[in-house]
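Participant: Could you have a look at this structure, given as C-alpha cells, before my questions?
The values are calculated or read from the model by the stated rules, or taken from the named source; none is laboratory data. This is a predicted model, so every value here is computed, not measured. Because the Cβ atoms are built from the backbone with ideal geometry, glycine has one as well, and the counts that use them run over all protein chains shown. These area figures cover heavy atoms from the full protein model, side chains too; ligands, DNA and RNA do not enter into them. Shrake-Rupley method; radii C 1.70, N 1.55, O 1.52, S 1.80 Å.
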Amino acid sequence: RKRLANGMSGIFWLASYPKSGNTWMRAFLSNYWENADHPVNINALTYTTLVSDRQLFDDVLGIDSGDLTQDEIDLLRPAVYRTLAHAVSNKSVQFWKIHDAFQRLPSGEAMFPKDITGGVIYIIRSPLDLAVSYAHHSAVSIDRTITWMSQHDHGLFMPPVRLPQIHQRMYSWSDHIRSWTTQTDLPLLIIRYEDMVLRPQETFKAVIRFVYNALDNPDHAGDSERLARALRFSSFDELKKQEAQWGFSEKDQRTQSFFRKGVIGDWREQLTPQQVERILHDHHDVMQAFGYLDAKGAVTQFESSSN
C-alpha cells in the first residue's frame, strides 16, 4: 500500500457545496470499505469523518476554539489536519467531509495540506435543484437561499454564535466550484450528483478507481459485486429508512428530515420563473462549463429519477 509523506496513509477530501450528495458519497464509501453483509449505520459512517466538528478540533488543540477568531482558527487548521492524519495513519484510507472552498492562508500555504492528501473527490450538483434542497435543509426561503448562493462571503456556522462546527467559508456556488476545480495542489476527481443518480455503477466505480490509483493499488478497483452491494446499502431509500428509524445526528433540528427526496429536476415544480432567472444570471458560466446549460444557454434536460 502506498503511504504518503511522513508515513501516512491516504486522506481523501470529500468536498462540495451543501446538499450536493456529499453524505450519500460518505455512506457509499463507508459501505464499500466496511464490506459487511448489512448497511453501515448512518450515525456511524466508518472511514469517514466530519472534520469541521468543533469538539474534534478542540480535542486536537487542547483549548476552546470558541476563544479564537475565525482567522486564528483558519491558521491552525493545517496543523490540526496533520495531527488527525497521524492519528489515523494505521488505517488504509480515510475520507474527510468538508464544505469549505479551497483556500490559501496569508503565508500562501493551502488550508488542506498536500503532504497528507491522497486526493479530492469534488461533487457538483445543479444549482437549480441545490437551491430547493438547501432551502429545505436550512429552513429558510428559496429566495434567501438563492441570495446566499450568490454571495462571496457566504459560509456555514459563522460567528458570533458558538455552534457545533467551526466556520466554513464557502463563497458563492460558482466561486466554490472554481476554487476547487482550478487548484493544482491536490489530485482531483470531479463527480456530478446527476451522474451519481443516473449512472451509479459507472460513476461510483470511477471514485473507487481514483482512490485505489492514488494508493498505487489499481488491481483492487474491479470488484463489481462489492460495488453493487455498497450501492444497495447506501441507496436513498435505505438512508431515508435509517433516518426515520434512528434519526440522523447531522440533521438541522429545524427541518423534518435530512434525506428529503433525492431526485433530479425537482426545481421545475418548486422554483418560480424569476427564481430560475436569478440562478441562471448568477451562475451562467459555471453551469455551462459543467454541462448544466447547453451552448445556447438552455437548461440541460436530465431524467427525473431518485437514487
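Participant: For segment 14-96, what does the alpha-carbon gyration tensor say about shape, rounded, prolate or oblate, given a ≥ b ≥ c as the root eigenvalues, a/c under 1.5 as rounded, and a/b over b/c as prolate?
Facilitator: Note, shape of segment 14-96 comes out prolate.
Participant: For residue 198 and residue 217 in one chain, what is 0.36 nm times their gap in residues minus the Cα-Cα distance, to one decimal in nm?
Facilitator: Stretched fully, the residue 198-residue 217 segment lengthens by 4.1 nm.
Participant: For the chain, modelled as a GNM with alpha-carbon contacts under 10 angstrom, which of 101, 27, 289 fluctuates the most?
Facilitator: 289
Participant: With all protein chains present, how much of the accessible area of the chain (probe radius 1.4 Å) comes from carbon and sulfur, to the nearest whole percent?
Facilitator: Here carbon and sulfur together make up 48 percent of the probe-accessible area.
Participant: List the relative contact order of the chain as a percent without decimals, with contacts defined as Cα pairs under 8 Å and 6+ residues apart.
Facilitator: Answer for the chain is 24 percent.
Participant: Can you work out the PRE-style zone for residue 158? Point 7 Å along Cα to Cβ, and I want the residues of segment 7-45 with backbone N under 19 Å.
Facilitator: 16-19
Participant: Subtracting the Cα-Cα distance from 0.36 nm times the residue separation, let me have the gained length for residue 53 to residue 147 in nm, one decimal.
Facilitator: Here the answer is 31.2 nm.
Participant: How far apart, in nm, are the 7 Å Cα→Cβ label points at residue 274 and residue 63?
Facilitator: Placing both labels 7 Å beyond Cα along the Cβ direction yields 4.9 nm.
Participant: Return the single residue from 295, 214, 131 with maximal mean-square fluctuation; model: Gaussian network over the chain, springs between Cα atoms under 10 Å.
Facilitator: Of the options given, 295 has the highest mean-square fluctuation.
Participant: For an R0 of 41 angstrom, estimate the FRET efficiency from the Cβ-Cβ distance between residue 300 and residue 75 and round to the nearest 0.05.
Facilitator: For R0 = 41 Å, the calculated efficiency reads 0.50.
Participant: Which of these, 41, 217, 31, has the largest mean-square fluctuation under a Gaussian network model of the chain (Cα springs below 10 Å)?
Facilitator: Most flexible of the set in this elastic network: 217.
Participant: Give the average over all directions of the projected area of the C-alpha convex hull of the chain, one decimal, in nm².
Facilitator: One quarter of the hull surface, i.e. the mean projection, equals 15.8 nm².
Participant: What FRET efficiency comes out for residue 289 versus residue 43 if R0 is 45 angstrom and r is the Cβ-Cβ distance? Round to the nearest 0.05.
Facilitator: Given R0 = 45 Å and the Cβ-Cβ separation, E is 0.80.
Participant: Cross-link list 205/296; 97/296; 19/205: which exceed 25 angstrom alpha carbon to alpha carbon?
Facilitator: Beyond 25 Å: 205/296; 97/296.
Participant: Per residue, how much accessible area does segment 10-101 have with a 1.4 Å probe, in Å²?
Facilitator: 34
Participant: On the full set of protein chains, 1.4 Å probe, figure out the accessible area of residue 114 and give it in Å² to the nearest 10.
Facilitator: Roughly 140 Å² of residue 114 is accessible to a 1.4 Å probe.
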